[in-house]
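Read-outs: derived from the displayed coordinates by stated rules, not from any lab. None of the values given here were measured: they were computed from a predicted structure. As a convention, Cβ positions derive from the backbone with ideal geometry for all residues, glycine included, and neighbour counts pool all protein chains shown.
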Amino acid sequence: RLLIIDFGSQVTQLIARRLRELNVYCEIHPYQNVTMDMVREMAPRAVIFSGGPDSVTREGSPRPPEGIFDYGVPILGICYGQQVMMQELGGRVVGGKISGGGGTAEFGRAFVTPAGGLDLLDGWFEHGPEQVWMSHGDHVAELAPGFEVFGTSPHAPYAITADPERHFYAVQFHPEVHHTPRGAKLYENFVRLAGFTGDWTMAGYREQAVEQIREQIGDKRVICALSGGVDSSVAAVLIHEAVGDQLTCVFVDHGLLRKDEAEEVVAMFRDNLNLQVIHADETELFLGELDGQSDPETKRKIIGRLFIDVFQKYANEIEGAEFLAQGTLYPDVIESVSFSGGPSVTIKSHHNVGGLPEKMGLKLVEPLRELFKDEVRALGHELGLPAHFIARHPFPGPGLAIRCPGEITREKLDILREADAVYIDQIRKHGLYDEIWQAFCAILPVRTVGVMGDGRTYDFACALRAVTSVDGMTADYYPFTHEFLGETATRIINEVSGINRVTYDITSKPPGTIEWE
Ligand code: XMP
């Protein structure tokens with residue numbers, strides 16, 4: 001295994017991700033928790049020092065445990081990790097902008113050129129200078145004994161340094177980020193020279209996660225709000241594997257789900273996967289309170305508030321529940337909170353995590369908080385969730401309410417469900433589902449005139465939406481062929497009573513949003 005000592009960088013988890021991609025098992029531990037006893041027990045084959053926001057020139061700033069350099073394994077220091085390595089081994093670091101020492105701070109793209117051959121750099125510089133991402137205030141001014149320079153950039157004479165004999169490597173930039181396009185190669189070289197064979201897999205992650213969950217939960221009870229989305233589903237199945245029927249899932253059905261969705265989700269989890277699932281059918285409550293409401297924010301707030309009330313009501317009936325399971329992913333963590341007890345800085349609080357656990361006096365279980373979406377899908381696959389389920393498009397918490405602009409009525413919801421089912425069926429039949437990030441129908445709050453057979457119709461219009469996106473933050477409309485659009489419109493109008501006009505939404509995000517409300 002490999003130990004990552006976390007000095008508080010916002011991107012430490014990206015290092016872990018790069019290592020998982022190389023099938024290397026690693027553990028991240030905040031520097032405060034790392035002692036030499038712990039290191040000896042863990043027996044890592046290599047150590048990485050992450051970056052961090054502090055300045056090594058500041059007294060009391062984070063340090064690795066004393067003795068780590070005598071432990072005899074390869075060490076890679078990144079950014080702050082480089083500086084701390086130099087400082088500890090007898091070099092000198094000077095402060096830049098952040099610590100008040102002047103203009104040596106450097107943020108953004110830089111190009112590194114080689115200054116000597118090094119095993120860590122195998123495969124680098126084959127096509128000239130390498131682009132890297134710098135993000136540091138301080139810099140190394142004097143190398144520690146035994147170290148040499150192996151790469152420089154215009155503003156960083158010590159961009160890549162190493163003591164090749166002891167296998168200590170220290171770089172000033174961040175090889176783990178996307179903007180260091182060939183950074184993965186450095187990690188590959190590092191783990192190879194440390195002797196890793198790359199035999200660790202998602203199956204290994206599953207085993208390790210199950211063990212950790214058992215340790216955390218013991219013989220206590222856990223509850224989980226199961227939405228049928230990929231994240232909460234994978235979290236629930238993983239926790240169920242760890243603690244079986246100590247887990248109870250509450251599926252809050254607000255009556256704003258897609259056609260047959262509630263029944264399918266409940267049946268899959270209950271009958272196929274043997275989880276305990278409470279189907280909280282609260283359609284009447286939600287639609288009652290939404291009656292007559294047309295303002296988007298009001299609708300969202302009503303749904304959010306009722307969701308919490310309902311979940312609490314059902315959760316209170318589960319005796320002795322001490323834990324709340326959540327499918328929080330790493331991108332949520334990085335956007336929301338610092339690692340509990342970890343050294344990174346809080347960026348903003350996340351709306352999903354909310355105040356629910358504290359309000360209910362529950363402790364959180366978040367077994368996916370180290371993973372990215374594609375890794376969660378791989379884990380879901382590993383856990384035996386059906387492929388079509390894992391590949392499902394995202395579906396928003398407020399459900400069809402935000403695809404029904406204006407007032408929500410049962411009639412509109414029923415029409416919308418039918419139209420959406422035909423649309424998705426068309427997309428699947430044409431083999432386009434996996435190319436599209438998200439596709440759905442919205443029912444418009446207008447009726448328009450049409451003619452069918454010899455008669456006049458006066459029915460609702462619907463809008464089709466389909467977007468490509470990487471993360472939902474930006475999106476573009478999907479370029480369906482005219483044939484596809486024509487065929488789909490014909491099918492919807494013929495098969496769904498209540499719709500006599502179909503439009504295609506070609507707005508990108510920004511300026512539009514993906515959902516209509
Ligand atoms: P927008 O409409 O903001 O949507 O472009 C971006 C992505 O987020 C989803 N979405 C939500 N998901 N709760 C959720 O869980 C919400 O309140 C919510 N609102 C939007 C939306 O479906 C899209 O994937």
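Compute, for the chain, the length of the dipole vector about the Cα centre, with Cβ point charges of +1 (Lys, Arg) and -1 (Asp, Glu) only. Units Debye, rounded to 20.
Numbers: 46 positive and 73 negative charges, 154 e Å.
Around 740 debye, computed over the chain.
Per the Kirkwood formula applied to alpha carbons, the range 2-193 shows a radius of gyration over Rh ratio, Rg over Rh, of 0.93.
Which order do the peptides 389-395, 147-153 come out in when sorted by mean C-beta neighbours inside 10 angstrom, highest first?
Values: 389-395: 15.7, 147-153: 20.9.
Answer by packing, highest mean first, reads 147-153, 389-395.
The mean sequence separation of alpha-carbon pairs under 8 Å and at least six residues apart, normalised by the residue count of the chain, gives a relative contact order of 11 percent.
Of Lys301/Lys412; Lys220/Lys313; Lys299/Lys373, which ones are farther than 23 Å apart at the Cα? Intermediate values should be presented prior to the final figure.
Values: Lys301/Lys412 21 Å; Lys220/Lys313 20 Å; Lys299/Lys373 28 Å.
Table pairs above 23 Å Cα-Cα are Lys299/Lys373.
Note on the range 256-329: Cα-only Rg and Dmax are 14.6, 40 Å.
Using the reciprocal of the averaged 1/r over all distinct C-alpha pairs, how large is the Kirkwood radius of the chain in Å?
About 25.9 Å, per the Kirkwood formula over Cα pairs.
Taking the DSSP bridge list for the chain and keeping only pairs wholly inside it, about 50 percent are antiparallel. Ordering Gly399, Ser61, Val191 by the projection of their Cα atoms onto the charge dipole of the chain, which places +1 on the Cβ of Lys and Arg and -1 on the Cβ of Asp and Glu, puts Ser61 at the extreme positive end.
The antiparallel fraction among DSSP beta bridges confined to the range 2-193 stands at about 55%. Overall shape of the range 409-504 was characterised from the C-alpha gyration tensor. The equivalent ellipsoid obtained from it has semi-axes of 25, 15, 11 Å, in decreasing order. Peptides 44-52, 184-192, 266-274, 432-440 ranked from most to least packed by the mean count of surrounding Cβ atoms within 10 Å: 44-52, 184-192, 432-440, 266-274.
Taking every alpha-carbon pair in the range 79-235 and binning the separations at 10 Å intervals from zero gives 10, 30, 25, 16, 15, 4 percent.
Under conditions of 10 °C and 1.306 mPa s, the range 1-113 yields 107 µm² s⁻¹ as its translational diffusion coefficient, taking Rh as the Kirkwood radius over Cα pairs in the Stokes-Einstein equation. FRET efficiency for the Gln312 to Thr490 pair, using the beta carbon distance and R₀ = 51 Å, is estimated at 0.65. Taking the convex hull of the alpha carbon positions in the range 445-499 and averaging its projected area over all directions gives 5.1 nm². For the range 202-390, the residue among Ala242, Val277, Tyr330 whose Cα projects farthest onto the positive side of the dipole built from Cβ charges is Tyr330.
Packing here is the average count of other Cβ atoms within 10 Å per residue, and on that basis the peptides 498-505, 165-172, 2-9, highest first, run 2-9, 165-172, 498-505. Principal axis extents of the C-alpha atoms in the range 202-390 (largest first, rounded to whole Å): 51, 42, 34. Taking every C-alpha pair closer than 8 Å and separated by at least 6 residues, the mean separation divided by the residue count of the range 409-504 gives a relative contact order of 29 percent.
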